[in-house]
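Taken together, the values in this text are just the output of simple stated rules run on the coordinates, not laboratory data. Just so we're clear, the structure is a prediction, and the values are computed from it rather than from any experiment.
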Amino acid sequence: MKLIIQVVVGYMYKVLKNKLDTSDFKFEFAAIRHGDYYDFITSIGKEIDFIVVYNKGQIEKETNIKESDIDYVGLVKSGESLREFYKKCYLKFGEINDCNLSDSYFEKAALYELSLRMHLNNKRLTKNRITLENVINRISELKNLTNQETEILHKGRKFLNFIKRPEKLKSDWNTVTSDFDEAYSLIENKKLTIE
């Protein structure tokens with residue numbers, strides 16, 4: 001089952017790779033990519049469906065986003081805002097057919113970045129926006145990953161960089177997708193995914 005966030009962020013990665021102007025959505029896209037659900041939901045302004053949250057022994061009924069929400073709760077609360085954001089983006093950019101990557105690669109790239117950020121943020125080590133490079137380094141320390149495993153995760157990060165700036169790709173898409181497949185398998189094996 002696909003998560004709405006992988007579809008939305010994956011679509012926006014496809015927009016970036018195809019060099020379309022994202023300036024109208026810059027703030028919202030940056031917020032959602034970095035797992036800043038509070039700023040994202042606040043900027044979109046959609047109501048949050050009623051949910052029940054169990055937090056430190058207390059059951060809370062909520063329809064508001066809080067800056068203190070852990071990332072998973074923020075993700076659940078962002079559903080309607082993500083749908084609204086996707087509609088706006090799709091109205092502007094429409095259907096995009098990429099000649100190098102399938103939609104599944106864009107969507108997995110979205111899950112890759114968001115999963116790593118979520119695992120770090122949920123440890124409450126930071127709520128500041130930090131680079132994915134630093135997220136990977138911190139996750140590697142927390143999970144006692146080997147140097148080789150850390151390098152594999154960085155190859156996955158480089159794949160995302162090529163999506164965002166395809167002109168920097170010096171090899172070919174088959175090589176970097178193979179590197180990304182290895183990085184994605186590693187986060188699955190280490191239980192670092194959202195799912």
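Within straight-line reach of Lys2, meaning a Cα separation under 19 Å, sit the following lysines at least 8 residues removed in sequence or on another chain: Lys14, Lys77, Lys87, Lys108, Lys191.
Remark: segment 169-174, residue by residue, has Karplus-estimated 3J(HN,Hα) of 5, 9, 9, 9, 5, 5 Hz, where x stands for each Gly or Pro and the curve is 6.51 cos²θ - 1.76 cosθ + 1.60 at θ = phi - 60°.
With helices as the sole contributors, the chain gives -19000 deg cm²/dmol at 222 nm; each DSSP H run of n ≥ 4 counts as -39500 (n - 2.57), and the sum is divided by every residue.
Quick one: what do you get for the chain if you divide its Cα Rg by 2.2 N^0.38 Å?
Working: Rg = 16.8 Å, N = 195, 2.2 N^0.38 = 16.3 Å.
Here the answer is 1.03, to two decimals.
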